[in-house]
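Only one structure is covered here, and it is reproduced in the block below.
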Amino acid sequence: MSTKIRVVLSSFTRPLFESLAPHTRRVGLPETKKIYTVLRSPHTDKKSKEQFETRVQKHVLDIKAKRHELRQKLTSYGWSLI
């Protein structure tokens, strides 16, 4: 009996998918981007501003395996099971 598990990964950098097994399907979700604008100097030059951004990339992984192999596969990817 095979079990299918769906995992959503979100990270600030690109996750490494080279180590995934061939029976794992990866679906990319839209990337979210937040831009923060900060004054460079709080006392003078109110027009002088600096912008920072954070990008969060999300992916959905469909892992298909037998029940007793599923725990081994998740720990081999480096994920901890709670």
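The values are calculated or read from the model by the stated rules, or taken from the named source; none is laboratory data. These numbers come from a predicted model, not from an experiment. FYI the Cβ positions are ideal-geometry reconstructions off the backbone, even for glycines, and counts take in every protein chain you see.
Each residue in region 5-56 was checked for being modelled with pLDDT of 75 or more, charged (D, E, K, R) and either part of a loop (DSSP other than H, G, I, E, B) or under 18 Å from THR75 (Cβ atoms) (or both), and 6 of them qualify. Residues that are over 19 Å from PHE12 (Cβ atoms) and surrounded by 10 or more Cβ atoms within 10 Å (Cβ to Cβ) within region 23-40 comprise HIS23, THR24, ARG25, VAL27, LEU39, ARG40, listed in sequence order.
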